[in-house]
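J.: Provided herewith is a single structure, encoded as structure tokens, for subsequent inquiry.
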Ligand SMILES: C[S@@+](CC[C@H](N)C(=O)[O-])C[C@H]1O[C@@H](n2cnc3c(N)ncnc32)[C@H](O)[C@@H]1O
């Protein structure tokens with residue numbers, strides 16, 4: 001009898017926790033205008049192989065989601081410091097489980113942060129790319145690598161088409177320098 005009511009309480013608690021998680025993800029998806037959908041393994045592989053063999057300095061991931069792309073970047077570039085910005089609570093908390101010495105996650109809106117880096121990586125949506133363009137035109141441009149959505153009005157230095165179902169495009173803007181703005 002007691003064990004039945006304990007297990008009943010646990011299933012109610014579990015259900016409530018599940019609802020809170022779903023609510024939090026939905027809330028931040030609506031607020032940010034995009035879900036925490038991760039870059040697919042095929043696109044991630046193509047993106048990483050389009051980058052130079054060595055990169056130093058700071059690499060920013062703007063909207064790091066669950067942290068998998070930032071983790072792969074930190075692993076690939078042990079001499080660079082990788083910082084992921086993410087406001088959505090659940091993906092952010094998950095990303096804290098991915099540990100590397102040169103990897104940091106910040107629960108911050110990157111539009112409110114100074115973006116000074118060797119390279120910024122992002123997978124956002126058209127309106128966010130335009131807002132990012134305005135910010136960087138004011139503050140000084142840095143090299144950007146993005147996929148799926150281009151920055152309207154900027155000429156890409158390199159475009160790569162991934163051999164996936166959607167023929168996803170990866171766009172590079174600017175050149176990499178080891179000291180930030182170009
Ligand atoms: C499509 S996901 C990409 C996740 C990860 N970059 C990847 O490629 O695997 C975009 C993420 O950006 C986050 N995001 C959108 N705008 C943001 C902002 N201004 N500041 C911080 N995070 C933001 C969203 O919450 C979402 O998790």
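The values are calculated or read from the model by the stated rules, or taken from the named source; none is laboratory data. Just so you know, these numbers come straight off a predicted model, no measurement behind them. Counting neighbours? That spans all protein chains shown, and the Cβs are built from the backbone with ideal geometry, glycine included.
J.: Take segment 92-114 and flag every residue that is assigned to a helix (DSSP H, G or I) and out of contact with any strand residue (DSSP E or B) (no Cβ under 7 Å at 6 or more places or on another chain).
T.: 93, 94, 111, 112
Residues are listed down the side, and each one gets a yes or a no for (1) on the phi > 0 side of the Ramachandran plot; (2) at pLDDT 95 or above:
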residue	(1), (2)
17	no, no
41	no, yes
56	no, no
65	yes, yes
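J.: What do you reckon, is residue 124 touching a residue at least 60 places away in the same chain (Cβ under 8 Å) and within 13 Å of the chain's Cα centre (by Cα)?
T.: So residue 124 fits the description; yes.
J.: If you don't mind, another one. Does segment 121-142 contain any residue that is away from the ligand (no atom under 11 Å from the Cβ), surrounded by fewer than 16 Cβ atoms within 10 Å (Cβ to Cβ), at positive phi and at pLDDT below 95?
T.: Yes.
J.: Let me ask something else. Determine whether segment 2-20 contains at least one residue that is in a helix (DSSP H, G or I), surrounded by 12 or more Cβ atoms within 10 Å (Cβ to Cβ) and either assigned by TED's automatic domain parsing to the domain that holds residue 111 or touching a helix residue (DSSP H, G or I) at 6+ places or on another chain (Cβ under 7 Å) (or both).
T.: Checking segment 2-20: not a single residue is in a helix (DSSP H, G or I), surrounded by 12 or more Cβ atoms within 10 Å (Cβ to Cβ) and either assigned by TED's automatic domain parsing to the domain that holds residue 111 or touching a helix residue (DSSP H, G or I) at 6+ places or on another chain (Cβ under 7 Å) (or both).
J.: Separate question: Select from segment 103-120 the residues that are closer than 20 Å to residue 28 by Cβ and either in contact with a helix residue (DSSP H, G or I) (Cβ under 8 Å, 6 or more places away or on another chain) or crowded, with 21+ Cβ neighbours inside 10 Å (or both) and list them in ascending order.
T.: 105, 107, 110, 111
J.: Another question, if that's okay. If we scan segment 52-69, do we find a residue that is over 20 Å from residue 175 (Cα atoms), more than 7 Å from the ligand (Cβ to nearest atom), free of Cβ contacts under 8 Å to residues at least 60 places away in the same chain and surrounded by 15 or more Cβ atoms within 10 Å (Cβ to Cβ)?
T.: Within segment 52-69 (the criterion being over 20 Å from residue 175 (Cα atoms), more than 7 Å from the ligand (Cβ to nearest atom), free of Cβ contacts under 8 Å to residues at least 60 places away in the same chain and surrounded by 15 or more Cβ atoms within 10 Å (Cβ to Cβ)), the answer is yes, since at least one residue qualifies.
J.: Restricting attention to segment 54-91, which residues are under 15 Å from the mean Cα position of the chain (by Cα) and part of a loop (DSSP other than H, G, I, E, B)?
T.: Once the filter is applied, which keeps residues that are under 15 Å from the mean Cα position of the chain (by Cα) and part of a loop (DSSP other than H, G, I, E, B), segment 54-91 yields 63, 64, 65, 66, 67, 86, 87, 88.
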